[in-house]
């Protein structure tokens, strides 16, 4: 598990390899990840949007941006957490993800960014 705190918001990430898929004789490697967002600040915050850079060992990079996470924009009181799970497909059995959440501080109405720490995506069979 990797963790990082930015401006009082702690991001924890756990991931795992889910298996291979074949489409038109081209393999894809499926990974899942679970993220916990913990508000360690003294302010009420809302996760507004996200940006991901997904990179595989073949140097293929996909950028994903959108509102909220899995269809919601959670509001976190001080001390609260929000956990969600999602996934991605890579063209190679090894890669990484990194990104950021755009958050809003309800007390000041200001936006700020929280770093999602880089985490590696590795299929066990590919790691010798």
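Every number here is computed from the coordinates shown, using simple stated rules; none is lab data. Model, not experiment: these values are computed from the prediction. Here Cβ is always computed from backbone atoms with ideal geometry, including for glycine, and neighbour counts include all displayed protein chains.
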Residues 76, 121, 21 arranged by fewest to most Cβ contacts within 10 Å
21, 76, 121
How long is the chain along each principal axis, judged by its Cα atoms, biggest number first, in Å?
52, 25, 21
Inter-probe distance in nm under a simple model that places probes 7 Å from Cα toward Cβ, at residue 77 and residue 110
2.5
Given Cα pairs under 8 Å that are at least 6 residues apart, what percent is the relative contact order of the chain?
29
Quick calc, residue 10 & residue 42: beta-carbon distance into FRET formula, R0 22 Å, rounding 0.05, result 0.95
How much length, in nm to one decimal, is gained on full extension between residue 86 and residue 58, taken as 0.36 nm per residue of separation minus their Cα-Cα distance?
7.9 nm
In which sequence would 29, 113 go, from the one with the fewest C-beta neighbours within 10 Å to the one with the most?
113, 29
State, to one decimal in nm, how far the label point of residue 1 lies from the label point of residue 51, with both points 7 Å from Cα in the Cβ direction.
2.8
